[in-house]
Structure formats: structure tokens, C-alpha cells
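Below is one structure, written out as C-alpha cells; comments come after it.
The values are calculated or read from the model by the stated rules, or taken from the named source; none is laboratory data. On a predicted model such as this, the values are computed, not experimentally measured, just so you know. Cβ coordinates were reconstructed from backbone atoms using ideal geometry, including for glycine residues, and neighbour counts include every protein chain displayed.
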Amino acid sequence: MEPYFFPALWEQRRICIARTLYEHHVHSVLEVGCGEGNVLSFLVSPSPNDEHPITRLCGIDINNAALDLAYERLQPNDDDKRDLRVDPLSVQLFHGDASVPVPDLSVDAVVCTEVIEHVDEHVGAPALTHAVLGGYNPLLAVFTTPNAEFNVNFPGLAYGTPDARFRDDDHKFEWTREQFRSWAEGAADKYGYTVEIRGIGLSMRNPIAGFDSYGGCTQMAVFTRNAVDSTTHSDVVTGSPPRLYASTEYPVFTQPQLSSIALQKLVRKFALDICNTQHIFQLDDLWDILEIKQQFKRCRALEKWLDTQATYSASQSSGLYTVNT
């Protein structure tokens with residue numbers, strides 16, 4: 001049976017990007033070269049850490065047709081309108097050249113995934129790098145691009161021969177691991193960042209023996225801004241900046257908290273629904289219930305409330321509560 005990525009490579013990539021954003025507790029994200037909004041739509045779901053929700057998503061692309069699809073994909077669906085989220089979420093899409101920063105656009109993180117290989121290596125790549133790290137100067141920046149060395153696992157690409165081809169006809173270049181690291185470390189030094197290189201696409205079914213000795217199919221650079229950045233970024237930016245193309249606001253739960261008695265009844269109802277035969281339930285299971293999230297907003301607020309109620313007793317095991325009957 002032929003080897004294949006599992007999960008699919010695109011899914012491994014998006015999961016890795018999302019986890020990186022969550023780990024760094026960012027609240028706003030810009031994707032340069034957002035295309036049809038596949039990555040942005042992946043980030044619409046509330047962050048697993050409710051203390052650090054993503055409340056703003058922005059995307060830039062030069063292709064109008066792609067932005068139209070992104071706008072459609074990023075519209076609130078029926079579930080979003082019915083199951084109102086706790087934290088607000090705004091989406092802004094910009095049309096224009098991603099290598100020219102949007103004036104006054106400030107975000108915590110910038111994502112540039114599978115884009116840099118589509119621009120000229122000696123002109124476009126430096127301009128895009130400058131826009132992200134020097135222009136937006138975010139706390140966190142994530143770049144992904146194909147790992148050329150991994151192409152040896154794709155016989156049709158004839159890697160290492162005179163007939164070698166890129167993975168996509170639109171790719172202008174594909175970097176080896178050494179070339180990628182050299183670019184990333186040079187950019188980090190220039191713009192005042194620390195960079196970590198990671199591989200993506202190491203999970204396969206029926207893999208060829210030794211397939212991972214060439215690194216991940218995708219390589220990712222995670223830039224974190226240094227606490228003190230005294231670097232002067234003198235690159236000259238030319239061209240017109242992207243302009244706002246469309247924006248969306250997701251519906252959010254805004255009703256006031258229930259009265260004390262009504263809140264007690266609500267929590268007790270759900271606690272009894274999820275507890276076991278010993279009337280013990282997991283805090284996380286209670287927190288997973290939307291109506292509970294809408295009332296308490298934060299899991300720590302729910303936990304604090306439970307600890308003040310005689311109806312519930314915290315167990316020695318973390319996160320376990322007993323319903324006192």
C-alpha cells in the first residue's frame with residue numbers, strides 16, 4: 001500500500017500552527033497570503049485556553065477571487081448564531097501585496113504559511129520577511145515552507161537529478177533545511193527575534209523506511225520577539241499598502257448572569273447530568289457545557305464559584321467534585 005500522511009499534511013500543518021499560537025497566548029492573528037481562508041477558518045473555533053482567547057483574525061491576499069471565498073468561509077454559520085460564543089471575534093480581510101505592511105495594523109502574531117516559496121527568492125522573499133518581522137514586528141511570527149530534501153520521497157519529483165521539479169509549478173524555489181535555517185537565523189538576527197525550527201509531516205501510514213531522515217515534509221520557523229529590540233530596520237518599502245476588503249463580527253453572548261438561585265439550579269442540573277453513580281463529576285466536563293461557559297466566562301471563575309457552594313465538595317484529585325445530596 002502506498003505511503004500517505006495521516007492526518008493529511010495540510011491538517012498536520014494547521015494543527016501545528018494553531019498549537020503554536022495557543023502556546024504563546026496570542027489574542028490577535030494576521031495571516032499574510034491567506035488565500036481562501038483555510039488557516040483562518042481553522043482558528044475561528046475558541047482557543048482551548050479560555051484565559052487567552054483569539055478575538056481578532058486578519059488576512060491579506062492579492063487575489064480577489066480567493067478573498068471572496070475566504071469571506072464566505074469566515075461567515076458565522078447557523079451554529080455560531082445559535083451557540084453564542086463567550087468572547088468576541090472580529091475578522092478583517094485586506095486586498096493587496098502582502099509584502100507591504102498595512103498601516104497601523106497591530107497584531108500579536110503573524111502567520112505566513114506556504115507563501116514565501118511563491119515569490120522571488122532574492123527580491124520577494126526579503127520583502128515579505130521585512131513586512132512580517134520589520135513592518136508588523138509581532139510578538140510571534142510563524143513561517144512554513146516545503147522542505148526540498150523531503151522531495152526524495154516523491155519519485156515523480158526526481159529530486160537530486162537534472163530533471164528535478166518543484167512540488168508546485170508556481171513555486172519559485174524550495175529550500176533545503178540548511179537554506180531554511182540560514183534564512184531564519186539571519187532574519188532573527190536582523191529583526192531582533194529568537195527562532196526555533198520545527199519539522200511538520202512526520203506522521204505517515206505505510207512510510208518508506210528512513211523517510212524521516214530528511215526532516216519533515218514541511219519546515220516551520222517560529223520567531224519570538226526579543227524583550228529588548230534595539231535593531232534599526234532600514235529597508236525601504238515600496239508599493240501601495242493593502243486596503244480593507246471585508247470585515248465580519250461574530251455574534252457573542254451578552255446577556256447578564258442569571259440570578260444566584262437560577263445559577264445554582266442551572267449548575268446543579270448539568271452537574272447531575274454528567275456525574276457518575278457516586279455523584280462525582282469532572283470540572284472540565286462541566287466547563288464543556290456551553291450554557292455554563294456563557295454564565296461564568298472563565299473556567300477559573302466556575303471553579304471559584306463551586307468552592308463557595310455547600311452543594312459541592314472538591315475531591316483530593318484535582319478537578320473532581322462531588323454533588324452533595
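Restricting to region 2-42, name every residue that is among the small types (G, A, S) and either outside any helix (DSSP H, G or I) or under 17 Å from A246 (Cβ atoms) (or both). A8, S28, G33, G35, G37, S41, listed by residue number.
Checked against the criterion of being within 13 Å of G33 (Cα to Cα), touching a helix residue (DSSP H, G or I) at 6+ places or on another chain (Cβ under 8 Å) and of a type outside the set (V, I, T), region 131-144 has at least one qualifying residue. Restricting attention to region 43-74 and to residues that are among the small types (G, A, S), part of a helix (DSSP H, G or I) and surrounded by fewer than 22 Cβ atoms within 10 Å (Cβ to Cβ), the residue that is nearest to the chain's Cα centre (by Cα) turns out to be A66. Among the residues of region 108-150, the ones that are of a type in the set (A, V, I, L, M, F, W, C) and either in a helix (DSSP H, G or I) or in contact with a Pro (Cβ under 6 Å, 6 or more places away or on another chain) (or both) come to 11 in all. All but one of (1) closer than 28 Å to A148 by Cβ; (2) aliphatic (A, V, I, L, M); (3) touching a residue at least 60 places away in the same chain (Cβ under 8 Å); (4) touching a Cys at 6+ places or on another chain (Cβ under 9 Å) hold for L40; state the number of the condition that does not hold. (3) is the only condition that L40 fails. The strands (runs of 3 or more DSSP E) falling completely within region 227-325 that include 2 or more residues that are touching a strand residue (DSSP E or B) at 6+ places or on another chain (Cβ under 9 Å), more than 25 Å from P76 (Cβ to Cβ) and modelled with pLDDT of 95 or more map to 280-282, 312-314, 320-323.
Residue-level analysis places L128 among those that are within 13 Å of V32 (Cα to Cα) and among the aliphatic types (A, V, I, L, M). Pairing residues of region 10-29 that are of a type in the set (F, W, Y) with residues that are modelled with pLDDT of 95 or more and part of a helix (DSSP H, G or I), at Cβ distances under 9 Å and at least 6 apart in sequence or on separate chains, gives W10/N38.
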